[in-house]
Amino acid sequence: MAGTAEIPDDRRQRGRHHRLVERGKQQAEEHCEEHEIHPAAVNHAVSRRTRSQLDSQSTTALTRLVFRHDWEPDNISRVEPSNPVVRRFVAALNAGDRPAFFAVLTSDATMSDDGSERDLKEWTEREIFSSHGHMNVESEAADGQSLIAAYSNSTWGEMRTAWRFELSGDQIARFETGQA
């Protein structure tokens, strides 16, 4: 046909993959609302378990896989932080609870990401709250003030991260995070 270009197979495949992911995300969001599941669990499940299966399963089967209520991430042993202040931080982050999250921080708290100082409110909005951030703690050190965690959000997917906390009484004065 004149005026039309042949679309290479790999571009066609990527387009199909993108459409399946978007359809799966839409079904996932509807399922979250219906069953009161935190969206971060969906993001984690999609990023960990289903990327390789998108081409071989329908979105209905994909949604069923993602939303088994007994689902646990592969190869992640959950550790509850032993430090009560850090435990409150992780719980608030995972719940997407802004008031609880900021209550655990001092009013002048600071943070860095991959060694660069960041604006705390801007960074947390972008990397945690608007992108459904979720942290699965794998290990801890330094009396629970240093964590290794699988962190996921809807912007970046999942990555292994290190978190270090400086406390001031029963609040966090500073945290540093970055890829581990």
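A short reminder: the numbers here are calculations on the coordinates, not readings from a lab. No experiment lies behind these values; they were computed from the predicted model shown.
List the residues whose amide H sits under 5 Å from the amide H of residue 174, counting only those 5 or more places along or on another chain, with H placed 1.01 Å from N in the peptide plane.
110, 166
For region 137-142, take each phi angle, set θ = phi - 60°, evaluate the Karplus expression 6.51 cos²θ - 1.76 cosθ + 1.60, and give the result in whole Hz per residue in order, putting x for glycine and proline.
The phi angles translate into 6, 9, 7, 9, 8, 6 Hz.
What is region 84-179 by shape, rounded, prolate or oblate, if you read a ≥ b ≥ c off the alpha carbon gyration tensor as root eigenvalues and call it rounded for a/c under 1.5, prolate for a/b larger than b/c, and oblate otherwise?
Details: a/c = 1.33, a/b = 1.13, b/c = 1.17.
It comes out rounded by the Cα gyration axes.
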